[in-house]
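Here's the structure, in structure tokens; my notes come after.
The values are calculated or read from the model by the stated rules, or taken from the named source; none is laboratory data. Since the model is a prediction, treat every value here as computed from it, not as a measurement. Virtual Cβ from ideal backbone geometry, glycine too; neighbours counted across all protein chains shown. Keep in mind that these areas ignore ligands, DNA and RNA; they rest on the heavy atoms of the full protein, side chains included. Shrake-Rupley method; radii C 1.70, N 1.55, O 1.52, S 1.80 Å.
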Amino acid sequence: MDDLQLGFDNSYRRLPERFYACLPPTPVAAPRLLALNADLAETLGLDLASLAPVAAELFAGNRLPVDAEPIATAYAGHQFGQFVPQLGDGRAILLGELVGRDGRRRDVQLKGSGRTPFSRHGDGRAALGPVLREFLVSEAMHALGIPTTRALAAVLTGEPVVREEVLPGAVLTRVAASHIRVGTFQYFAARGDVEAVRALADHAIALHYPQLADMPDRYLAFLAAVAERQAYLVARWMHVGFVHGVMNTDNMAVSGETIDYGPCAFMDAYDPATVFSSIDQFGRYAFANQPYIARWNIARLAETLLDLIDPDSDAAIARASEVVDAFPAAFERHWLGGMRAKLGLATAEPEDRVLVAELLAAMHTAGADYTLTFRRLAAVAAGDAETLDAIPAAWIARWRQRLAREPAAPAERAAAMRAVNPAFIPRNHRVEEALAAARTGDLRPFETLLRVLSRPYDDQPEHAAYAAPPPPSDRPYRTFCGT
């Protein structure tokens, strides 16, 4: 099957050569397929039957389709506030793009596929645990309805990787609307390469915001469109208690998808100061800080576009600043709208913000589980329960008074609440159990957890234990950068 063709194109490859380095993945010793996302493969238009004989070699990078044009892309980024002028795909190879059955164009990237010119001092490889972690969490986010990159396949390489210990190596096949980051723009802006920034912006507009292409102020409109998508995305993270953990500008995609699942995790007990990442010692990327960091990142994107927005630098700064300054209101709109839905409110009233704030304050004081509290409120709304232990009765009474002004019947309202308040999230202790078993060769916990997370809004009584918070002995939980 050396003549294997998958229908790849690579529009990014048609940008100037300074945007990337051309090189194939580094072959691995003994590839073995661990997981394949059949639903996503179908969406991409892939024929799994014809791929089956070479799936392990294909998704490890050992065998390439003849129509692939593998590249590693260049980008820079602010990492914990400090600018690094060259980062890039240090362990990832973009094979190309597939136009799926739905007509959408998507990148297909191998992550953990070997050294590239951007590797710096890294080995270009990834360990099994972080690969399966990204597979689980990204697919869970997709099932929750949150814009995200997705996992197509995971392959064991048969080679060890050395971190703080020797670990089994793996490769993740990641699918994304694109891998264009704020840091991609920063790479060229830092070099004073205005024409490269223009070419990149035009490419991103054509891919993600084609309605802007003919606008005279398309670069300002592009900035505003990216800001709007990021405001929505981060609001959706907050609705489900997700902590990205490393919101550097090189980890922020201009498509509006969640990207780069490194030290991410989901919050159990509600605490706005929640931090999981072992390297975030000062809480820069804590749960409650995420909208502020998103605005900061948008400001960094704005800086790269100033020469395109207006030839007058003062005018460019003023116009871009208006977009950046509008971000908090956009986030608040998306966040409050989603919180209303979580509380069963289909209409808007001025005091709703206070109602939400009082609930969150009570949850914080009580250490209430973020996910289960909202899920159980649906039972209260339906009349199946009177109170919740962690929530003051006075708040429940005010909420019921507010619900009385809503048009929906209790059963209808409860169903709507269950449709936006998940019963199942990737509980950190369950993820760790699955990864620990996988390291011994047992993929059954991983596969079971993946199935449960594919239906987060269903009750699934046979899997009720997966909805439970961790035992107290599992706290505090810490995550580490790995992929």
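A few remarks follow.
- Part-to-part distance (alpha-carbon centres) for the range 161-179 and the range 290-335, which is given in Å: 33
- In a fully extended conformation the segment linking A341 and E358 would gain 4.5 nm over its present Cα-Cα distance, using 0.36 nm per residue.
- Solvent-accessible heavy-atom area per residue, rounded to whole Å², over the chain at 1.4 Å: 40
- Stretchable slack from H121 to L403, in nm (0.36 nm times residue separation minus alpha-carbon distance): 95.8 nm
- Legend: translational diffusion of the range 298-393 by Stokes-Einstein, Rh = Kirkwood radius over C-alpha pairs, 20 °C, 1.002 mPa s; D = 131 µm²/s.
- Every pair of different Cα atoms in the chain enters the Kirkwood calculation, which places the hydrodynamic radius at 23.5 Å.
- The range 1-60 versus the range 106-140: alpha-carbon centroid distance in Å: 14
- Prolate/oblate/rounded call for the range 339-483, Cα gyration tensor, a/c under 1.5 rounded: prolate
- The GluC sites (Glu not before Pro) of the range 77-153 include none that meets both criteria, a DSSP state outside H, G, I, E and B (loop) and at most 14 other C-beta atoms within 10 angstrom of the site's C-beta.
- Carbon-plus-sulfur accessible fraction, the range 416-483 (probe radius 1.4 Å, protein heavy atoms only): 56%.
- Taking every alpha-carbon pair under 8 Å whose residues sit at least 6 apart, the range 327-483 reaches a relative contact order of 22 percent.
- Counting only Cα atoms, the range 113-263 measures 54, 37, 23 Å along its principal axes, largest extent leading.
- Using distinct alpha-carbon pairs, which all enter the 1/r mean, Kirkwood radius of the range 353-439 in Å: 14.4
- One decimal place: the segment D3-C22 gains 4.8 nm when fully extended, by the rule 0.36 nm per residue minus the C-alpha distance.
- Label point distance in nm, A326-Q79, each placed 7 Å from Cα along Cα→Cβ: 3.4
- Sparse packing (at most 16 other Cβ atoms within 10 Å of the Cβ) combined with a DSSP loop state is found for the following trypsin sites (Lys or Arg not before Pro) in the range 116-153: R120.
- Shown for the range 60-154: the carbon plus sulfur share of the solvent-accessible area, taken with all protein chains present and a 1.4 angstrom probe, equals 49%.
- In units of the compact-protein estimate 2.2 N^0.38 Å, the range 1-123 shows a Cα radius of gyration of 1.12.
- All-pairs alpha carbon distance profile, the range 188-264, 10 Å steps from 0, percent: 17, 43, 29, 10, 0
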